[in-house]
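Quick notes on the structure that follows.
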Amino acid sequence: MTAGRERRVTLCAKTTAVSAIPVRPGKTHPLSALDHAMARHFLRLVFYFRAAPTLTKSRLMNSLSEVLSYYPAVTGRLHREPVEDAAGGGSEWRWVVKCNDAGLRLVEARAHTTLDEWLASATDGEEMDLAHSEPMGHDTSIWSPYCVQLTEFDDGAVAIGLSSAHINADLTSAILIVRAWSDAHRRACIVFPPFLHAPALDPRPNPNPNSALFSSKSAAAAASTEPAATTKMSSATFVFSDASVKSLLSDAGDASPFDALAALFWTRIAAPELGAADLTLGIDMRKRMHAPLPYAFYGNAFHFYRVRGVDLGAGLSRVAAEIRRVGEGVREEDFWEAVEWLHERRPGRREAEPAFQVYGPELTCVEVDRDAFAYGTPFEDNDGCRPAHVTCRVDGTEGAGLVLVMPAAAEGAARQVVVTLPDDVVAKVCRDAAIAKYEPTVLFAPAGVKKG
Amino acid sequence: MSSRAPLPQFSSSVKLKYVKLGYQYLVNNFLTFLLVPVMAAVTLEVVRRGPEELLALWRAMQFDLIQILCSLFVIVFAGTVYFMSRPRPVYLVDYACFKPPAVCRVPYSTFMEHTRLINSDEKSVQFQMRILERSGLGEETCLPPANHYIPPRPTMEASRAEAQLVIFSAVDDLLRKTGLKPKDIDILIVNCSLFSPTPSLSAMVINKYKLRSNVRSFNLSGMGCSAGLISVDLARDLLQAHGSSNALVISTEIITPNFYSGHQRSMMLPNCLFRMGAAAILLSNRRREARRAKYRLVHVVRTHKGADDRAYRCVYEEEDGEGHSGISLSKDLMAIAGDALKVNITTIGPLVLPLSEQILFFLTLVGRKVLNAKWKPYIPDFKQAFEHFCIHAGGRAVIDELQKNLELSAEHVEASRMTLHRFGNTSSSSLWYELNYIESKGRMRRGDRVWQIGFGSGFKCNSAVWKCLRTVNPPVDGPWADCIHRYPVNIPEIIKL
């Protein structure tokens, strides 16, 4: 936010949205090892919708109430449950969501501008004003992990902000919650009802815990006992149209849009030092398993893997090919090994290690919403009511930063890239000629950065 | 009410039970027993004498025309005077209760979470948790939208919005069920104790439904939870004064402005117990409504103990030390309620009890005064006078107290307990939710008598007695329609929160 500029979003009121149907008492939703590992991160999503007759606060709250009846884990509260210890110690615990029907926090806000003006001029900091989130505090029994913000713009447009602790859900789950909400609002059948089955990611009967990536992250976190002076991070969104992505693909050779964009941003972020470098990548494992999980599997199911020793100076197509090669080589085995490694060291166990950042601190690039659910959430029956824009951000990504690649509003190969990087790197990337060659629309950049 | 000493051994034997039953049949049908032999004797005599003898007897009396005409005239005159001086019957054509939307639901955990977030005093929070655990409320009770905010926003606009929501829903429902046109409403009575804006809520109803300009409207405020029966009493009196009229009675309690945000314990109960609700009732004295009316009003008995200082102050609205206004409930509320009930049933007893119970009560009373003051007072068995009981769902303690005092079984108080569980304490409209419960369960038969008892600040105890005119068959359209199959539920003494 530039100094001297007034805040354009004012919070009007805070309330709690409850489900329409009471939850059966005593229900709990245990969290998996992968969920426990995400304790340092928070998700922030914002969906922008143009003005429509049924997009009023009261009707949105009604449909939210109905959809929450399907998500008892969303309306519950985090609770440390003591675990039966084999050695009889009794001091172990794990996080569990107590489905006590408490509801989720709902914040009502007003934005003193029109939607178009906002999309043209809002900075990254201002954008997060639309996804209010509350810090955990010490009493988790009265803290709502989810917070929904309904912001009304001057022209009647509505922004739905969803913030969530990453420990409860990953980006796919969060996007599908809003998708289910839109189905309920249109009084249509919920196409992806939540699949609440936490034991799906329990370790296998013959575990083989092994994760080089997480071991190194954990060692790094343990080594740096003193928090380094955290560099200030900012964010920017690059929207590539269908034509731009196609021209990028022609430059990058035989690669998918994700590989090409990841390669492009990796090289431009690292420039001018274009030597051998590593990159951490993340993908959604729901459909890459032998027994695939439903899209609406509720919880964390992302796998992180590393691409090592790629020569960034070798050109865009070589880097993209390398990313693609390693990506195709990811086996389900690797994922299970990582889950089992995390299971052994989850917080609450005696062998627990300090929590480490999963998104970072090294440069991380994640493919989000591969199946384009985010832009397929119309709240009204006609197609013109698809979201005007969707933002996904992850909090807690200090260090080299995070690059999220997701589908864009336009159909076809169009993509948008949300980067969270140190201030100077963002400024560099926004002005970068190699990226500007593909004519992206730059939205929500930090103030002071000229939009190229 | 004094507690009963344990019954002596011989009273519980089966033989005495049959003696008691026989006594009841004999005394209650005394006139029949007297008349039957007399009529039998007369018939025998007539048959024995034969028609010619009777005709000869008639001629011997030598009536002339004038005497016959005069006696006929006297009979007709007496009959007319009798019929004209009877009070007009008051029929309850139908009633409708407001069903709160699920969006306004307040589960226990949400209520406790909001209390913790708003109130920094841990002791107050613990106290409210204990009240909620023992309250007998369920997880589906509803508060108005303004009370869901953190902190609650009790503005006048929000109060009016709640009033419009609950009252208009109930009245729309009633108009649809009865086919009544708004221009046919002659009398309008609205009672809402705690919210009294200008123009009144009755003016709000007249404005919304475009009632006639000569409608007789009344707005009762400040009269507490028993105001529903006071409105019914007022409607009855007006329907005696004006013939062929329809009266619309609306009972509600607007709780938006009454959230208590302080720390005084005696004022915290209303926050935990009061919930949204409203009922709209159509009363009429038109003869043609008798065919489709559900109930007929038999008695209304009102008792006011305000002359006693303790009773006057036991439910008192005031500001606490910090300036927050709330309703303070005194510790001897139950004792005062019991006293008020005793006076009320002393008045209503002779009107409704069968002769057998009245004689026993009278004899015990005379015996205590004259013979031996140590005889325990005889508590009449009201279960013989009524089939159904609607006890104001003011709280678990009230229902328990009345169940003990009137010696009612669990099934008699089931309607009250289940209404408290599903809808909370909706103040004056709770009696109508209870009546709807009984109907939805299919227990209401033609000829059944219902006793509605309301308690309220002041301290008042009001009773109304209704007689059912037609059997009500389930499924019944009303607030219980979607959940009646789940009831009755077992409500534990203390719910662990």
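The values are calculated or read from the model by the stated rules, or taken from the named source; none is laboratory data. Keep in mind that what you see is a predicted model, and the values were worked out from it rather than measured. We place every Cβ from the backbone using ideal geometry, glycine too, and count neighbours over all the protein chains shown. Ligands, DNA and RNA are excluded from the accessible area calculation, which covers all protein heavy atoms including side chains. Shrake-Rupley method; radii C 1.70, N 1.55, O 1.52, S 1.80 Å.
Points to keep in mind about this one:
- Residue that is least open to solvent (accessible area, probe 1.4 Å) [pool: residues in region B:329-365 that are β-branched (Val, Ile, Thr) and touching a helix residue (DSSP H, G or I) at 6+ places or on another chain (Cβ under 7 Å)]: B:Ile336
- Qualifying position, being out of contact with any His (no Cβ under 9 Å at 6 or more places or on another chain), under 18 Å from A:Ala434 (Cβ atoms) and open to solvent by less than 20 Å² (accessible area, probe 1.4 Å), among A:Ala271, A:Ala296, A:Ala314, A:Ala301: A:Ala271
- Filter pass, A:Val326 being of a type in the set (Val, Ile, Thr) and touching a helix residue (DSSP H, G or I) at 6+ places or on another chain (Cβ under 6 Å): no
- In region B:102-126, residue farthest from A:Pro25 (Cα to Cα) [restricted to those that are more than 8 Å from chain A (Cβ to nearest Cβ) and touching a His at 6+ places or on another chain (Cβ under 9 Å)]: B:Asp121
- Test result for A:Arg59, touching a Gly at 6+ places or on another chain (Cβ under 7 Å) and open to solvent by 60 Å² or more (accessible area, probe 1.4 Å): no
- A:Arg393 vs. criteria under 25 Å from A:Pro440 (Cβ atoms), basic (Lys, Arg), in contact (Cβ under 8 Å) with a residue 24 or more places away in the chain and open to solvent by 50 Å² or more (accessible area, probe 1.4 Å): no
- Verdict on A:Ala20 being in contact with a helix residue (DSSP H, G or I) (Cβ under 6 Å, 6 or more places away or on another chain), open to solvent by 10 Å² or more (accessible area, probe 1.4 Å), more than 12 Å from chain B (Cβ to nearest Cβ) and aliphatic (A, V, I, L, M): no
- Within the option set A:Gly399, A:Gly384, A:Gly376, being in contact with a Gly (Cβ under 9 Å, 6 or more places away or on another chain), open to solvent by 10 Å² or more (accessible area, probe 1.4 Å) and modelled with pLDDT under 90 holds for one residue only, A:Gly399.
- Evaluation of A:Thr15 against the conditions (1) within 14 Å of chain B (Cβ to nearest Cβ); (2) open to solvent by less than 10 Å² (accessible area, probe 1.4 Å); (3) at pLDDT below 90 shows that the sole unmet condition is (3).
- Residue, farthest from B:Leu174 (Cα to Cα), within region B:282-299, restricted to residues that are in a loop (DSSP other than H, G, I, E, B) and touching a Leu at 6+ places or on another chain (Cβ under 7 Å): B:Asn285
- Residue match in region A:119-128 (condition: more than 14 Å from chain B (Cβ to nearest Cβ), farther than 26 Å from A:Phe444 by Cα, touching a Pro at 6+ places or on another chain (Cβ under 6 Å) and open to solvent by 10 Å² or more (accessible area, probe 1.4 Å)): no
Conditions tested, residue by residue: (1) aliphatic (A, V, I, L, M); (2) open to solvent by less than 70 Å² (accessible area, probe 1.4 Å); (3) part of a loop (DSSP other than H, G, I, E, B); (4) in contact with a Phe, Trp or Tyr (Cβ under 8 Å, 6 or more places away or on another chain).
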| site | (1), (2), (3), (4) |
| --- | --- |
| B:Phe83 | no, no, no, no |
| B:Lys99 | no, no, yes, no |
| B:Phe111 | no, yes, no, no |
| B:Leu117 | yes, no, no, no |
| B:Lys123 | no, no, no, no |
| B:Phe127 | no, yes, no, no |
| B:Gly138 | no, yes, yes, no |
| B:Ser159 | no, yes, no, yes |
| B:Ala163 | yes, yes, no, yes |
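- Residue list for region A:176-214, filter: among the small types (Gly, Ala, Ser) and farther than 23 Å from A:Asp284 by Cβ: A:Ala184, A:Ala188
- Residue in region A:32-40 that is touching a helix residue (DSSP H, G or I) at 6+ places or on another chain (Cβ under 7 Å) and within 10 Å of chain B (Cβ to nearest Cβ) present: no
- Within region B:130-156, considering residues that are in contact with a Ser or Thr (Cβ under 6 Å, 6 or more places away or on another chain) and away from chain A (no Cβ under 11 Å), the one farthest from A:Ser69 (Cα to Cα): B:Pro154
- Filtered residue count, region A:394-416, keeping only those that are under 21 Å from A:Ala260 (Cα atoms) and outside any loop (DSSP other than H, G, I, E, B): 8
- For region A:251-270, the count of residues that are without any contact (Cβ under 8 Å) to a residue 12 or more places away in the chain and out of contact with any Ser or Thr (no Cβ under 6 Å at 6 or more places or on another chain) is zero.
- First in region B:170-187 and free of Cβ contacts under 8 Å to residues at least 40 places away in the same chain, second anywhere and crowded, with 18+ Cβ neighbours inside 10 Å, Cβ under 6 Å, 6 or more apart: B:Pro182/B:Tyr209; B:Pro182/B:Leu211
- A search for C-beta distances below 7 Å between a residue of region A:67-78 that is facing chain B (nearest Cβ under 10 Å) and any residue that is of a type in the set (S, T, N, Q) and surrounded by fewer than 24 Cβ atoms within 10 Å (Cβ to Cβ), counting only pairs 6+ apart in sequence or on different chains, returns A:Arg77/A:Thr140; A:Arg77/A:Ser141.
- Only a single criterion out of (1) over 30 Å from A:Ile177 (Cα atoms); (2) in contact with an Asp or Glu (Cβ under 6 Å, 6 or more places away or on another chain); (3) surrounded by 14 or more Cβ atoms within 10 Å (Cβ to Cβ) is not satisfied by A:Thr230, namely (3).
- Residue match in region A:416-431 (condition: among the hydrophobic types (A, V, I, L, M, F, W, C) and without any contact (Cβ under 8 Å) to a residue 60 or more places away in the chain): yes
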